[in-house]
1. Answer yes if at least one residue in the stretch B:137-145 is farther than 17 Å from B:PHE237 by Cα, of a type in the set (Val, Ile, Thr), under 16 Å from the mean Cα position of the chain (by Cα) and part of a helix (DSSP H, G or I), and no otherwise.
2. Name the residues in the stretch A:113-146 that are over 15 Å from A:ILE39 (Cα atoms), in contact (Cβ under 8 Å) with a residue 40 or more places away in the chain and facing chain B (nearest Cβ under 10 Å), would you?
3. Going residue by residue through the stretch A:34-45, is there one that turns out to be part of a helix (DSSP H, G or I) and more than 14 Å from chain B (Cβ to nearest Cβ)?
4. Give the stretch B:46-63 a look and list any residue that's assigned to a helix (DSSP H, G or I) and either free of Cβ contacts under 8 Å to residues at least 40 places away in the same chain or among the β-branched types (Val, Ile, Thr) (or both), or say none.
5. Can you tell me how many residues within the stretch B:64-93 are farther than 24 Å from B:LEU244 by Cβ and in contact (Cβ under 8 Å) with a residue 60 or more places away in the chain?
6. Scan A:GLU127, A:GLU96 and give me the residue that is at pLDDT below 85 and either in contact with a Gly (Cβ under 9 Å, 6 or more places away or on another chain) or among the charged types (D, E, K, R) (or both).
7. Kindly evaluate A:ILE19 against the criterion of being assigned to a helix (DSSP H, G or I) and either surrounded by 13 or more Cβ atoms within 10 Å (Cβ to Cβ) or within 14 Å of another protein chain (Cβ to nearest Cβ) (or both).
8. Tell me, which residue of the stretch B:72-127 that is aliphatic (A, V, I, L, M), in a loop (DSSP other than H, G, I, E, B) and within 26 Å of A:SER37 (Cβ to Cβ) is nearest to the other protein chains (Cβ to nearest Cβ)?
Amino acid sequence: MPPLWIPLLLLAALVVWGILIYNGLVGSRNEVKNGWSQIDVQLKRRHDLIPNLVEAVRGYMTHEAGLLKEVTEARARATQAASGGMVGASAVGAAEGLLGGLLSKVFVAAEAYPDLKASTNFLALQEELSSTENRIAFARQAYNDAVGSYNTRRESFPNNLIAGGFGKVDFLTIEKAVERELPKVEV
Amino acid sequence: MWEQIRSNRIRSAFVVTGMALLLGAVGASLGAMFGGVGGMAIGVGVALVLWLILWTTTVANGDDVFLRMSKAQQIESKDHPVLWNVVEEMSIAAALPKMPRVYVVEDPAPNAFATGRNPDKAAVAVTTGLLGMLDRDELQGVVAHEIGHIKNRDVALIVTAGVMVGAVALLGDVGRRALFYGGMSRSRSSNRNGGGGAIIAVVSILVLILAPIFAQLMYFALSRRREFLADASGARFSRYPEGLARALEKISGQRVPQRDQSRVTAPMYIVSPVHPGAMAARGQGSSMFSTHPSVEQRVRVLRSMAGGAGVADYLRAYSQVTGRQLLHSVPEDAGLAARAAAVGAAGFVDAPRARARAASDALLTSGGWQILDCGNCGARVKLPPPLAGVVRRCPRCEAPLGG
């Protein structure tokens, strides 16, 4: 008689195969989520550094009180937008974009204050802030990388047969909208 | 795109398997020399046990062997903020589970290496010579290359393969010595086994002489391939191939001999620490016996990426420059192509970086620097105040600079 275990074995192999694909999709989706939280971490880092920057330059940049006030306000708005749970919404993108533009303005304006430029405190802050800007950019980039491989994995055959519960994720392209409304920094 | 690099890992696994076969063959030959046909199995066993012992001691001593060998000092954020930040930025870009530990090696020769069996235990080390020589973009390129090694899990591969080469060399050496000092056992075994024994003896001798060479060639080829792939990953992480290209040029222009010149640790470094003089003789800086491709070729590939920064762009540039293919299994990755196009069109990835670069150039200009774009090769030349207006030709392509 034909042994019963052959179809059983095939069935078991099919189940294991399905589990592997499913877990791969879950892992891929988690990478997307991690990528997202990494952006938040870096935005938070930016918000935390700004009061230090304003404090450090206030004494030197006597003619830029208005600019510094703008920075403080933009930071407040960005923090508010982030805590409002509207992450990724255009509100956050716009607030962060404005903040980024104002920060570059501060560093350009700092050129007119030789004492400030010579202060080690300011130089250290400058490095920290520009690194934070880089980190935000790289975190976005990594997020999009994760989204790309997640979407590919989700859509490719045979994964798509069991990827019903895995929704498509959009790339983060807020920067384009923000870029347009940014004040141009001209020197 | 990581799927492509992973699929190349399967290829690498074949190389390692090939080396294991060579190791087995050497063991068998050695066994045959001492004990005839019956000794072959024992020889194979001895070879595998030797490899296992070497491998476990290497792994047990952990990932810190290289760090200790090169006397690297672990640093904190406050010790070197720029280096620390660059490493953290690149681990964010690579989405590593954890930022690697950061080390500095007191050595005037510019170089860098990564170590760690898996991304959780990784470390990046750079020499003081490197830190003194590179600007931030260049340092970022170097660190991105090292993070590429970590992300591609090259260290485990290189260590496994390296230990195998070591075992083959050791056994081959034992065999050659035995041949030299005591042909006795060989002649005894051939007497016992007749003509078949003589054939086995000849084959054994050939294997003992050739296997170590083959193992090394395979090892070097593996190492060079992983080097190119780390460049590709580095370009992708930093989205700025030019940074790595400039760094490689600067590093290879140096003739400071490096302290650690062992061939075992060589594949770990960004440029080969062995024979810096020969290395610096670019053009023919690489051969079958090099752990690294020539710097000149690496730079050319990086500069041929035509504004792209993806692995696909790198692969295209690679085949354009070398006429060969780096990855044979490049699938029609529609997702990746679309993503690269979408990223470029939206400009969201490069915009902040370009803005940062524009701002830093603006800062330099107001500090008396002169910034000129070469119309011929596209290089951006930044001249400090003493040289502003003095340098009139592009340092890279010698074309006259406009402006």
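The values are calculated or read from the model by the stated rules, or taken from the named source; none is laboratory data. Computed from a predicted model, the values in this text were never measured in an experiment. In this analysis, Cβ positions are derived from the backbone assuming ideal geometry, glycine residues included, and neighbour counts consider all displayed protein chains.
1. Taking the stretch B:137-145 first, the residues farther than 17 Å from B:PHE237 by Cα are none.
No: zero hits.
2. A:GLU128
3. Checked against the condition, which is being part of a helix (DSSP H, G or I) and more than 14 Å from chain B (Cβ to nearest Cβ), the stretch A:34-45 yields no hits at all.
4. First, the residues of the stretch B:46-63 that are assigned to a helix (DSSP H, G or I): B:46-60.
B:VAL46, B:LEU48, B:VAL49, B:LEU52, B:ILE53, B:THR56, B:THR57, B:THR58, B:VAL59, B:ALA60, listed by residue number.
5. Here the count works out to 1.
6. Exactly one of A:GLU127, A:GLU96 is at pLDDT below 85 and either in contact with a Gly (Cβ under 9 Å, 6 or more places away or on another chain) or among the charged types (D, E, K, R) (or both), namely A:GLU96.
7. Working: assigned to a helix (DSSP H, G or I): yes; either surrounded by 13 or more Cβ atoms within 10 Å (Cβ to Cβ) or within 14 Å of another protein chain (Cβ to nearest Cβ) (or both): no.
In short, no.
8. Within the stretch B:72-127, the match that is nearest to the other protein chains (Cβ to nearest Cβ) is B:ALA95.
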